[in-house]
Ligand SMILES: [Zn+2]
């Protein structure tokens with residue numbers, strides 16, 4: 001793939017943002033203390049093969065992150081989800097079965113979101129002033145009617161840098177190069193704590209943490 005096409009995939013064009021009005025793609029570029037921030041997000045876990053390793057990497061840098069969890073995995077591995085919460089990370093909703101909104105009926109899709117949220121509430125009961133829960137649609141696919149149905153109850157969080165760690169055709173070094181060349185303060189980065197992403201995730205994540213920590217960045221949960 002050519003350099004321009006690769007870069008466009010890594011940072012989705014702003015035009016895309018207009019297709020999902022009200023969804024969020026970036027976050028504040030600096031924290032209250034003025035330090036530049038990046039927002040690391042991990043989709044599709046939690047699973048024992050990858051998520052505990054991710055938690056160890058984050059702990060090395062006092063980094064906080066957001067885990068968009070698949071409900072099926074939450075139900076199977078609640079202990080890993082509790083470990084992430086105990087370490088100060090945020091858990092968020094990535095549906096029950098990780099089905100595409102373009103290939104699932106509306107009622108079934110919303111039921112999957114609700115069931116995933118119920119699992120999250122059981123793990124982390126929200127207080128009276130809890131912020132709106134976060135939702136990210138699998139594959140980044142959503143429809144306007146679903147977005148309208150979800151918006152009152154959720155912040156819909158997309159991303160501004162796709163690491164493409166899920167792509168077996170991408171060499172780990174190239175995955176890292178594209179991510180470092182693209183990310184800047186305020187970006188929301190997507191990684192995957194999945195078996196498929198593992199070869200790239202395990203190469204890229206420690207190096208992204210080291211690179212941006214050396215530049216004075218902090219890593220915040222959304
Ligand atoms: Zn996903």
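Here are the numbers for this structure:
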item	result
GNM flexibility winner over the chain from 19, 180, 157 (Cα, springs under 10 Å)	19
Net lengthening on full extension, residue 118/residue 167 (0.36 nm per residue, minus Cα-Cα)	14.5 nm
For q = 0.08 Å⁻¹, Debye-computed log10 I/I(0) when each Cα of the chain counts as one equal scatterer	-0.26
Rel. contact order, % - alpha carbon contacts under 8 angstrom, at least six apart, segment 34-219	31
Pairwise label distance in nanometres, residue 211 with residue 107, each label 7 Å out on the Cα-Cβ vector	4.8
Extension gain, residue 59 back to residue 148 (0.36 nm per residue minus Cα-Cα distance, nm)	28.4 nm
CD proxy at 222 nm, helix term only [per DSSP H run n ≥ 4: -39500 (n - 2.57); per residue of the chain; nearest 500]	-11500 deg cm²/dmol
Cβ-derived FRET efficiency at R0 25 Å, residue 83 paired with residue 130, nearest 0.05	0.75
Percent RCO, i.e. relative contact order, over segment 48-140, from Cα pairs under 8 Å lying at least 6 residues apart	31
Neighbour-count order for 50, 153, fewest beta carbons within 10 angstrom listed first	153, 50
Likely footprinting exposure, 80, 47, fewest C-beta neighbours within 10 Å first	47, 80
Ranked list, fewest to most other Cβ atoms within 10 Å of each Cβ, for 165, 33	33, 165
Cβ-Cβ FRET estimate between residue 195 and residue 30, R0 fixed at 35 Å, reported to 0.05	0.50
FRET efficiency for residue 97 and residue 180, using Cβ-Cβ distance with R0 set to 41 Å, rounded to 0.05	0.75
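Computed from the coordinates by the stated procedures, all read-outs in this text should not be read as laboratory data. What you see is a predicted model; the values in this text were computed from it and never measured. Using ideal geometry, Cβ is built from the backbone for each residue, glycine included, and neighbour counts are taken over all protein chains shown.
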